[in-house]
Structure formats: structure tokens, C-alpha cells
Amino acid sequence: MRGTVVSIGDGDTLRIREGNRTLNVRLACIDAPETSQAPHGANARSQLQALAPLGSSVELRIQATDRYGRSVAELSRNGRNLNQALVASGASFVYWQYIAGCDRQTYSRLESQARLRGLGVWSVPGGVSRPWDFRAGNRQPRSSSVVPQSRRYTCNQIGIRIVEMATGKPASDCGVDLEC
């Protein structure tokens, strides 16, 4: 399906006009930092705006409809997969919980390369809270004296998890040594 970009919501959502209808689209297999995760949320949105400028023609490979009624899709422009480009630049994380339907090995490789190069979200010493952890922390009731703690991951934990998800085997069985 082809459409025209009419607006960008954040780093992983946008609106596309296809014919006489407008689709709300959630980018498949990735999760960008929330807008309130400054400056990374704004950076992810800027990256998406640069990759899919307003008025540009894009191709959608729709995979599902989410619980909010958005089309979940991989987006391409001029033959370039924009979901993968956001991961490769470090603007977004692979959303491993929802990787089905996407090229798991390519996403794994792109995220590993961005992490090893210290790009975007991977440039922060100690790491950036994953958007799914950040959202979960913001949903929990809390008193004004308690600051929510989001889970942070070490390079080694991320690398091991990527290898295990990409191969379906424990990282140790793959002869992988992941020291950061």
C-alpha cells in the first residue's frame, strides 16, 4: 500500500493519507523513546521527520491493527526500510516483544551495530530507560516522595539477549563473548 505522510506524532507513530482515508500508523517492530524522555524522544521524532517528510510518498507493509486501532506497519521510502533506519541510527530500540513479522536477524544486527558505535540512545553512559519500562513506570501509582525507577540494561545483558533472540539458543552455546 502506498500513501502520503500527513503528520508525525512521535518517533514511531505517524498519519498517512491513502486515497480518501487517513491511517494512524504505529511503526512495527521498533519502540522509540517517549517524547517525555528528553532529549531522546524529540530526537527520534526528528529522525522520523527527516526520513519521512510531510507530503512524501511512502510504502506501508501493514502487519496488524493494535489495540488503539492503529495500523502496525513497516514503512519504506525510496526502497529504504525506515523502521530499520531508525534502529540503525540509534533513534529507536528493537521492540523484541513484537518482532514477529519482521526480519529478526536484520533488526538484531542493526541494533547491535548502533550499540557498539554508541549512536543515539546508545551514547548515554549507563543506558537509557527502554520506552516499555518508562511507560510501565509512569502507569504505576506512586506517592510524591517516590521516584519511579526504570529498568536499565548493561551492554552485556543486551548483547546476550539479542543473540538468544536471533538464534533461539543460549548465547553461551553460540560461542559469543560479549564484553563492553
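The values are calculated or read from the model by the stated rules, or taken from the named source; none is laboratory data. A quick note: this is a predicted structure, and the numbers were derived from the prediction, not measured. Every residue, glycine among them, receives a Cβ derived from its backbone with ideal geometry; neighbour counts consider all protein chains shown.
Entry remark, the stretch 100-129: residues being of a type in the set (A, V, I, L, M) and modelled with pLDDT under 95 number 3 in total.
Residues of the stretch 78-93 that are of a type in the set (Gly, Ala, Ser) and surrounded by fewer than 24 Cβ atoms within 10 Å (Cβ to Cβ): Gly79, Ala85, Ala88, Ser89. Considered as a group, the residues in the stretch 100-122 that are under 14 Å from Ala28 (Cβ atoms) and hydroxyl-bearing (Ser, Thr, Tyr) include one that is farthest from the chain's Cα centre (by Cα), and that residue is Thr106. Residue count for the stretch 1-43, restricted to those that are surrounded by fewer than 17 Cβ atoms within 10 Å (Cβ to Cβ), β-branched (Val, Ile, Thr) and either touching a residue at least 60 places away in the same chain (Cβ under 8 Å) or more than 25 Å from Ser123 (Cβ to Cβ) (or both): 3.
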